[in-house]
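*Asks:* Below is a structure I'd like to ask you about.
The values are calculated or read from the model by the stated rules, or taken from the named source; none is laboratory data. Since the model is a prediction, treat every value here as computed from it, not as a measurement. Note that we place each Cβ from the backbone using ideal geometry, even for glycine, and neighbour counts take in every protein chain shown.
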Amino acid sequence: MIARALKLFISCLTLIVVSACSSSGSNLSEPTALNDITPQLQLAEQWSVSVGKGDKKSTSVMQPVISENDIFAASGQHLGSFNLETGEVNWKIDLAEPLTAGVGHINQQLFVATQSGKLVAVSRADGSVIWQVNTSSEALAAPQANSNIVVVQTVDGKVSAYAIEDGKFQWSYTANLPSLTLRGTSTPLINERYTYAGFASGQLVALDNELGGVVWQKSIGAAKGRSEIERLVDVDGMLSLVDDVLFVTSYQGKIAAIDALTGTTMWQHPLSSATGTVIAGDAILVVDAEDTVLAYDRQRGHVLWQNSDLKYRSLSAPMAFAGQALVIDAQGYAHVLQLSNGDFVGRQKMAVKSARLGSQRYQDNIFLLSLNGRLMRLGLK
């Protein structure tokens with residue numbers, strides 16, 4: 001227990017140091033001052049509701065999920081179901097201990113992870129607990145499920161699979177982790193055949209869903225340098241999968257497009273990012289470690305545009321909706337960028353005080369879940 005607590009403390013300290021430094025790990029950098037713009041679009045809050053008393057010091061992104069006419073979100077000890085159109089509460093439950101990751105779902109089941117390392121399956125209809133099991137450690141990324149299994153990635157480097165009907169253990173894969181890592185994990189991706197997971201070692205692994213065996217593995221970041229911080233190569237943030245191609249980034253590593261069936265690299269470029277990738281039509285959106293927003297061509301991998309006017313403002317992961325890109329900085333400013341060229345078309349102060357936001361897109365709307373547990377539906381006008 002002492003060793004685990006020490007590792008968690010070091011990981012949190014490292015995250016603080018890294019987020020305050022440039023990607024080279026050298027000098028502290030002041031946030032870039034905002035230039036005046038002429039807003040063409042404005043974010044409009046359509047409704048907001050409290051999910052629970054969130055942890056403002058959390059390093060987790062509490063990702064909500066959408067299913068049919070409802071959105072499901074977790075904050076603090078609470079998990080809730082809300083009507084997409086009105087924000088009306090369908091149900092809300094108190095799970096009696098803090099939740100550490102967003103919500104996973106398949107069909108009529110939801111899945112959440114607790115601070116003590118439990119994986120909990122909940123009924124989509126009324127929030128009743130179906131089953132719960134102890135996992136090997138804490139999870140900081142939402143569990144993911146297919147029609148047979150739910151997988152959870154924990155901070156000890158394990159990806160474990162459980163039967164969705166009763167939580168029975170199926171298999172586990174363990175990665176070798178470096179002694180110092182960023183505080184967080186990537187969110188695994190799952191389909192009927194494979195589970196894809198990134199690790200703090202810079203490795204991306206495809207696992208067979210039947211037995212958990214390695215189908216292929218690929219290095220997205222190779223440790224370099226003398227200090228532990230210089231050697232950080234975590235694959236954190238969201239993986240993206242479209243047309244059997246995986247898009248992935250690593251800290252102090254690269255962005256790459258990987259054939260999801262074979263592990264073959266289709267294209268790659270040097271890049272440092274801990275927020276992952278977002279699909280936006282034919283483009284891939286990323287925010288790098290210095291808070292430059294970039295759009296890459298999904299097919300060929302060249303840079304379509306980049307916007308460096310928000311450097312060192314501690315940006316959220318990018319979001320794409322209604323033909324625009326959205327990022328939110330640590331001071332609570334929402335920046336709307338045109339997807340075609342990266343130019344600013346909107347900016348406004350939001351009622352949030354952190355860029356670590358859970359988000360989901362639905363048609364021409366975006367849903368944001370703040371660290372203080374507020375779920376908001378936003379549109380553009």
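*Asks:* Which residue is surrounded by the most Cβ atoms within 10 Å (Cβ to Cβ), if the candidates are limited to segment 301-345 and must be within 17 Å of residue 288 (Cβ to Cβ) and polar (S, T, N, Q)?
*Replies:* Applying the filter and picking the extreme gives 316.
*Asks:* Now for a different question. Against the condition within 19 Å of the chain's Cα centre (by Cα) and free of Cβ contacts under 8 Å to residues at least 24 places away in the same chain, how does residue 332 come out, does it pass?
*Replies:* yes
*Asks:* Sticking with this one: State all residues of segment 285-328 that are hydrophobic (A, V, I, L, M, F, W, C) and either farther than 25 Å from residue 63 by Cα or touching a helix residue (DSSP H, G or I) at 6+ places or on another chain (Cβ under 7 Å) (or both); if no residue qualifies, say none.
*Replies:* 303, 304, 305 - these are the residues of segment 285-328 that are hydrophobic (A, V, I, L, M, F, W, C) and either farther than 25 Å from residue 63 by Cα or touching a helix residue (DSSP H, G or I) at 6+ places or on another chain (Cβ under 7 Å) (or both).
*Asks:* Within segment 358-381, how many residues turn out to be crowded, with 19+ Cβ neighbours inside 10 Å and not in a strand (DSSP E or B)?
*Replies:* Total satisfying the criteria: 3.
Here's the yes/no breakdown for (1) in contact with a Phe, Trp or Tyr (Cβ under 9 Å, 6 or more places away or on another chain); (2) basic (Lys, Arg); (3) buried (at least 23 other Cβ atoms within 10 Å of the Cβ); (4) touching a residue at least 60 places away in the same chain (Cβ under 8 Å):
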| site | (1), (2), (3), (4) |
| --- | --- |
| 106 | no, no, no, no |
| 110 | yes, no, yes, no |
| 114 | no, no, no, no |
| 132 | no, no, no, no |
| 147 | no, no, no, no |
| 150 | yes, no, yes, no |
| 153 | yes, no, yes, no |
| 157 | yes, no, no, no |
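*Asks:* Any residue at all in segment 346-357 that's crowded, with 17+ Cβ neighbours inside 10 Å, of a type in the set (A, V, I, L, M, F, W, C), closer than 12 Å to residue 44 by Cα and touching a residue at least 60 places away in the same chain (Cβ under 8 Å)?
*Replies:* Yes, some residue in segment 346-357 is crowded, with 17+ Cβ neighbours inside 10 Å, of a type in the set (A, V, I, L, M, F, W, C), closer than 12 Å to residue 44 by Cα and touching a residue at least 60 places away in the same chain (Cβ under 8 Å).
*Asks:* Can you confirm whether segment 281-288 contains a residue that is under 21 Å from residue 253 (Cβ atoms), outside any strand (DSSP E or B) and acidic (Asp, Glu)?
*Replies:* Yes, segment 281-288 contains at least one residue that is under 21 Å from residue 253 (Cβ atoms), outside any strand (DSSP E or B) and acidic (Asp, Glu).
*Asks:* Looking only at segment 77-131, how many residues end up being over 18 Å from residue 189 (Cα atoms), out of contact with any Asp or Glu (no Cβ under 7 Å at 6 or more places or on another chain) and not in a strand (DSSP E or B)?
*Replies:* The number of residues fulfilling the criteria is 13.
*Asks:* To continue, here is another question. Give just the number: which of (1) part of a loop (DSSP other than H, G, I, E, B); (2) modelled with pLDDT of 90 or more; (3) not polar (S, T, N, Q) does residue 61 not satisfy?
*Replies:* The single condition residue 61 does not satisfy is (2).
*Asks:* To continue, here is another question. Which ones in segment 88-106 are among the hydrophobic types (A, V, I, L, M, F, W, C) and under 16 Å from the mean Cα position of the chain (by Cα)? Before the answer, list the steps.
*Replies:* Within segment 88-106, the subset among the hydrophobic types (A, V, I, L, M, F, W, C) is 89, 91, 93, 95-96, 99, 101, 103, 106.
If the condition is that a residue be among the hydrophobic types (A, V, I, L, M, F, W, C) and under 16 Å from the mean Cα position of the chain (by Cα), then 99, 101, 103 are the ones that fit.
*Asks:* Under 18 Å from residue 207 (Cα atoms) and among the hydrophobic types (A, V, I, L, M, F, W, C): is that true of residue 163 in this structure?
*Replies:* yes
*Asks:* If a residue must be more than 19 Å from residue 166 (Cβ to Cβ) and among the small types (Gly, Ala, Ser), how many such residues does segment 91-126 contain?
*Replies:* The number of residues fulfilling the criteria is 4.
*Asks:* Residues being surrounded by 17 or more Cβ atoms within 10 Å (Cβ to Cβ) and within 19 Å of residue 54 (Cα to Cα): count how many of those fall in segment 78-90.
*Replies:* 5
*Asks:* Shifting gears a bit: Which ones in segment 289-317 are under 17 Å from the mean Cα position of the chain (by Cα) and part of a loop (DSSP other than H, G, I, E, B)? Step through it out loud before you land on a result.
*Replies:* Of segment 289-317, the ones under 17 Å from the mean Cα position of the chain (by Cα) are 289, 291, 293, 314-317.
Matches in segment 289-317: 289, 291, 314, 315, 316, 317.
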